[in-house]
Amino acid sequence: MLKALERTTELPQLQLISEQLRDYFEVDHIVYHWVSGSGTQYGCGTYDDAWVQRYVDQDYLRVDPVVLGCFQRFTAVDWKKLNWTSKAARGFLEDAQAHGVGNQGFSVPVHGPNGQFALFSVNHDSDDDTWFEFIENNRRNLILVAHYFNEKALEFEPDRAPEATAALSPREVDAMTFLAMGYSRAQVADTLSISEHTLRVYIESARHKLGAANTTHAVARALQNGLIVI
């Protein structure tokens with residue numbers, strides 16, 4: 001499969017290889033999902049077209065626990081270890097399963113310079129013991145394929161090369177740092193001796209510079225890009 005990826009010369013072939021990978025691993029779905037800092041999405045895989053379109057139409061990127069959880073991770077993760085407790089997350093999961101997304105999942109986050117982020121995911125419908133055995137037997141190969149897949153996608157999509165991240169001001173760095181440390185907004189404002197209104201201005205400015213969808217996303221991007229250090 002790696003040799004097939006290396007020989008790929010055009011984007012449609014990546015779709016074909018995702019289907020071949022699905023059959024090779026004997027799972028329901030294989031998906032490659034790119035998310036840019038500005039929220040642009042790109043991908044290929046074996047999900048039903050109706051689900052892909054609904055995901056975009058419902059703006060599920062903002063609530064998808066797989067995307068939000070993996071953005072802050074650098075190691076592969078089983079979906080059940082992610083946070084599905086919110087009402088929005090539970091609604092998303094119910095909708096996904098109604099569209100044929102299985103009850104098990106495993107994702108490999110791929111991070112690159114200046115905020116490049118993608119996911120390579122395997123999805124299946126099975127009991128926990130069967131899934132655990134599958135991941136134990138295939139984890140190494142899935143991680144390897146994920147990085148080869150991302151490398152080839154970058155090669156085909158030069159326009160998707162990540163843009164340099166704008167520098168944060170000293171106050172924006174302070175605000176992001178304390179939020180990353182788990183401080184509440186009130187605690188951050190008190191620590192910096194500023195009002196919560198002023199703090200909100202700093203946070204929104206940092207979020208805009210980082211191209212983040214929300215504050216959590218902004219903190220994750222700041223950490224990933226080395227703009228703040230805990």
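Tabulated data for the structure shown
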| quantity | calculated |
| --- | --- |
| Residue within the stretch 7-29 that is outside any helix (DSSP H, G or I) and closer than 17 Å to L93 by Cα present | yes |
| Sole residue being modelled with pLDDT under 90, surrounded by fewer than 13 Cβ atoms within 10 Å (Cβ to Cβ) and part of a helix (DSSP H, G or I), chosen from E151, E155 | E155 |
| Of the criteria (1) in a loop (DSSP other than H, G, I, E, B); (2) surrounded by fewer than 20 Cβ atoms within 10 Å (Cβ to Cβ), which one A212 fails | (2) |
| Residues located in the stretch 215-229, provided they are buried (at least 17 other Cβ atoms within 10 Å of the Cβ) and either without any contact (Cβ under 8 Å) to a residue 40 or more places away in the chain or among the hydroxyl-bearing types (S, T, Y) (or both) | T215 |
| Identity of the residue in the stretch 120-147, open to solvent by 70 Å² or more (accessible area, probe 1.4 Å) and within 19 Å of the chain's Cα centre (by Cα), that ends up nearest to L14 (Cα to Cα) | H147 |
| Selection count, the stretch 179-198, where residues are under 15 Å from A220 (Cβ atoms) and either in contact (Cβ under 8 Å) with a residue 60 or more places away in the chain or open to solvent by 40 Å² or more (accessible area, probe 1.4 Å) (or both) | 2 |
| Extreme residue, nearest to V56 (Cα to Cα), among residues of the stretch 71-105 that are among the acidic types (D, E) and in contact (Cβ under 8 Å) with a residue 24 or more places away in the chain | D95 |
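Residue-by-condition table, conditions (1) of a type in the set (D, E); (2) closer than 27 Å to A166 by Cβ; (3) out of contact with any Pro (no Cβ under 8 Å at 6 or more places or on another chain); (4) open to solvent by less than 90 Å² (accessible area, probe 1.4 Å):
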site: L5; (1), (2), (3), (4): no, no, yes, yes
site: L11; (1), (2), (3), (4): no, no, yes, yes
site: D23; (1), (2), (3), (4): yes, no, yes, no
site: W34; (1), (2), (3), (4): no, yes, yes, yes
site: G45; (1), (2), (3), (4): no, no, yes, yes
site: L68; (1), (2), (3), (4): no, yes, yes, yes
site: A76; (1), (2), (3), (4): no, no, no, yes
site: W79; (1), (2), (3), (4): no, no, no, yes
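The values are calculated or read from the model by the stated rules, or taken from the named source; none is laboratory data. Not measured: the values here are computed from a predicted model. Don't worry about glycine lacking a Cβ; one is built from the backbone with ideal geometry, like all the others, and counts go over all protein chains shown. Each accessible area value is taken on the protein alone, full model and side chains, heavy atoms only, with ligands, DNA and RNA left out. Shrake-Rupley method; radii C 1.70, N 1.55, O 1.52, S 1.80 Å.
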